[in-house]
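Data first, discussion second: the structure below is written as structure tokens.
The values are calculated or read from the model by the stated rules, or taken from the named source; none is laboratory data. If you're wondering where the values come from, they're calculated on a predicted model, not measured in any experiment. Because the Cβ atoms are built from the backbone with ideal geometry, glycine has one as well, and the counts that use them run over all protein chains shown.
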Amino acid sequence: MIRRLTYASLGLALAAAAHADPEPVTATPSDEPVRENNAAGLDAFVETAIRSGLLVRNDGAEPIELDSVPALQPIVCTEQYPLDFSVEKSLRRFTELPVPSAEDDADPSAAFLKDMRAKLALGLYSEARAMLAFAPESDWQVYREFIELMNGRSEPDIDYFRQLTSCHGEAELWLAVSELRGYEPEGIERIQAHIPRLRALPHNLRQDVATSTIPTLILLRRAGIAQQVLSTFSAEEIENSTQLTALKTAIADMPDGSESDDRLVMLMNRPTLKLAALLILIERNDTLRPTIKEFALEEAWSILEQNDTKHGFEQILAFVMQNLESDNLYSGLQRVRTLPIAETDEIRAAVDRNIIESLDAYLTSAEPAASLKGLKTLTQFHANLPYDEQGNALRRRGAEIALDLGLISLVEALLDSVERDAEVTKLLAKAAYWSGADDDLFDLRTAYPGLIEVNRLAGVRAVQAGAAQVASQAYAELDGEPSKQLELIEQAALSDSWALYDANADALSEELSLEDGLRLERVHRVHRGTEPQARPDRIRPYQIAPLLEASKLALSSSQAGASHE
């Protein structure tokens, strides 16, 4: 049993070391963190692993299951600063780990701490975590938090390091690192104030700090401070490190956009620089070459679908939304809504907001094809959008386009669940008017008697349909709008209905403008033409002869007078 456990532990230890440094070891010295995995270093590794707990002796100790680890205890101030790496400053390689001594055997706790700090100084965070798996939880909280901070696989516990500074002012450096890893702008000035303390860190640990903080400084457009962080390394150290070389390139080229898009794509191969490079490319959206834009979109989708970051989420989402394929807009929008990151209310709200803005851009496009595409997608999607101010505004815009196209049923579908305000009621009234739904139109007028446009439409339809009572009510509600009241009278005149004219024309004439007065005058003439004329007396047959004789005498008298003159 002991032999099997020993072999299994040894296999895990070697796998962890190989995974931490996949590149083969060469004879050329390197400034990169190195884990020894060759025969020459195996004996030292096994001995160190036994001391640290990676391998167990025959005492039958059982590892603590990670799921059973209790919650972290509140911070307890210690006399000595626990994150002091001054003793380990010279460590650069795994083979430089301290060799166990007789003093270590006398004080196992001190030996354990010495070994763990050495691993942290070398950037061997997984190995250090494995050591702590066998240690009492309450004794090593600060190191657990430190490992999580430097491992970079979870959100930094900024509050913990803020509390730690109340015990040890030197922890301000790690508070700055945690703030920058969390994209908190407070970390900018804080890390600038602790550049000397950063310079005193061991090389590998200092490189990890630079890798964690410089991308954030670039994103926050503080390349000057990022350069100060990088200046803690010599030119030779930067040249011999691919990570530091990439950071140097990023600082020099990314903020000012002086480097080509191709260089940014190259930098995206570096996980620590991927987000910064992508956000810079997104800023250049309008000028990107099609191939570069396609690559950036793939990376943006990858970040969104893998929930890689919360920082820059809005910019990345907007970039994706702006470049959705118009031929399959609905599918693209649905893909956005089903993102794992959209499960939280806050992110879902941001997703919906971007979807609404994207659809609005289509609906307001000057291109009829784009507008129709947006309307089609809205009909499929509107029920999934929130019924808030922005969502309802989008539905109203879609209803206006549908109304212009004569799609009356679509107007009603879009506005059915929208809160009735003046604009929505007016659109519904227009839809009812053009669809011939008189009862619906009259009901809207009754429910919203103060809306001028609704009263006008209802009044026009009422006089056309012969609904005199509704027409009279609509006319009365248009008090103060003489031009619209005149319109109702004109519409009634076209239907040969003169009730409104007879009841209101005289009073209305005093309120009209000159132009509207001419309109009313035309109505007057039409009205007079409809009045019956006085008919002449009918001539009886016996009256014809006397009338002719009288005419003859009148003509004779007229001719005689003319001759005398």
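Just to be sure before I move on: is LEU279 in contact with a His (Cβ under 8 Å, 6 or more places away or on another chain), more than 27 Å from ARG395 (Cα to Cα) and either touching a residue at least 60 places away in the same chain (Cβ under 8 Å) or surrounded by 16 or more Cβ atoms within 10 Å (Cβ to Cβ) (or both) in the structure I sent?
So LEU279 does not fit the description; no.
Scanning segment 282-302 for residues that are assigned to a helix (DSSP H, G or I) and either touching a Pro at 6+ places or on another chain (Cβ under 9 Å) or modelled with pLDDT under 85 (or both) turns up GLU283, ASN285, ASP286, THR287.
Would you mind stating whether LEU478 is in contact with a Gly (Cβ under 8 Å, 6 or more places away or on another chain) and surrounded by 15 or more Cβ atoms within 10 Å (Cβ to Cβ)? Yes. Selection within segment 356-384: residues that are loosely packed, with under 14 Cβ neighbours inside 10 Å and aliphatic (A, V, I, L, M). The member of this set that is nearest to the chain's Cα centre (by Cα) is ALA361.
Among the residues of segment 235-246, is any in a helix (DSSP H, G or I), within 27 Å of LEU279 (Cβ to Cβ), without any contact (Cβ under 8 Å) to a residue 12 or more places away in the chain and of a type in the set (S, T, N, Q)?
Yes, some residue in segment 235-246 is in a helix (DSSP H, G or I), within 27 Å of LEU279 (Cβ to Cβ), without any contact (Cβ under 8 Å) to a residue 12 or more places away in the chain and of a type in the set (S, T, N, Q).
The residues of segment 336-384 that are of a type in the set (Ser, Thr, Tyr), in contact (Cβ under 8 Å) with a residue 24 or more places away in the chain and either under 23 Å from LEU297 (Cα atoms) or not in a helix (DSSP H, G or I) (or both), listed by number, are SER358, TYR362, THR364, THR377.
Selection of segment 410-450 for residues being assigned to a loop (DSSP other than H, G, I, E, B), over 27 Å from HIS382 (Cα atoms) and of a type outside the set (Gly, Ala, Ser) yields only PRO449.
Yes or no, residue by residue, for (1) among the acidic types (Asp, Glu); (2) within 52 Å of the chain's Cα centre (by Cα); (3) under 25 Å from THR446 (Cα atoms):
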{"position": "VAL460", "(1), (2), (3)": "no, yes, yes"}
{"position": "ALA471", "(1), (2), (3)": "no, yes, yes"}
{"position": "SER483", "(1), (2), (3)": "no, yes, yes"}
{"position": "ALA492", "(1), (2), (3)": "no, no, yes"}
{"position": "TRP498", "(1), (2), (3)": "no, no, yes"}
{"position": "ASN504", "(1), (2), (3)": "no, no, yes"}
{"position": "GLY529", "(1), (2), (3)": "no, no, no"}
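Selection over segment 488-519 of residues that are over 22 Å from ALA467 (Cβ atoms), surrounded by fewer than 16 Cβ atoms within 10 Å (Cβ to Cβ) and of a type in the set (Asp, Glu) gives a count of 4.
Test ASP360 against the stated conditions and say whether it is of a type in the set (Asp, Glu), more than 16 Å from GLY332 (Cβ to Cβ) and out of contact with any Phe, Trp or Tyr (no Cβ under 9 Å at 6 or more places or on another chain). No; evaluated as a whole, the condition is false for this residue. Of all residue pairs spaced 6 or more apart or on separate chains, those with beta-carbon atoms under 7 Å, a first member in segment 204-218 that is within 13 Å of LEU173 (Cα to Cα) and a second member that is polar (S, T, N, Q) and surrounded by fewer than 23 Cβ atoms within 10 Å (Cβ to Cβ) are ARG206/THR232. Here's a check for you: in segment 168-202, which residue that is touching a residue at least 60 places away in the same chain (Cβ under 8 Å), on the phi < 0 side of the Ramachandran plot and part of a loop (DSSP other than H, G, I, E, B) is surrounded by the fewest Cβ atoms within 10 Å (Cβ to Cβ)? Among those that are touching a residue at least 60 places away in the same chain (Cβ under 8 Å), on the phi < 0 side of the Ramachandran plot and part of a loop (DSSP other than H, G, I, E, B), it is ALA200. If the condition is being over 17 Å from ILE191 (Cβ atoms) and not in a helix (DSSP H, G or I), then segment 137-167 contributes TRP140, ARG153, SER154, GLU155, ASP157.
Against the conditions (1) surrounded by fewer than 22 Cβ atoms within 10 Å (Cβ to Cβ); (2) closer than 25 Å to ALA250 by Cβ, ARG162 satisfies every one except (2).
For GLN306, the conditions (1) under 20 Å from ILE355 (Cβ atoms); (2) surrounded by fewer than 20 Cβ atoms within 10 Å (Cβ to Cβ) are fulfilled apart from (1). Output the residues belonging to segment 96-142 that are hydroxyl-bearing (Ser, Thr, Tyr) and at pLDDT 85 or above. Hits for segment 96-142 are TYR125, SER126. Among the residues of segment 212-237, which ones are at pLDDT below 90 and in contact with a Ser or Thr (Cβ under 7 Å, 6 or more places away or on another chain)? Residue satisfying the conditions is PRO215 alone. Scan segment 115-125 and give yes if some residue there is within 23 Å of LEU219 (Cβ to Cβ) and not small (Gly, Ala, Ser), otherwise no. No: zero hits.
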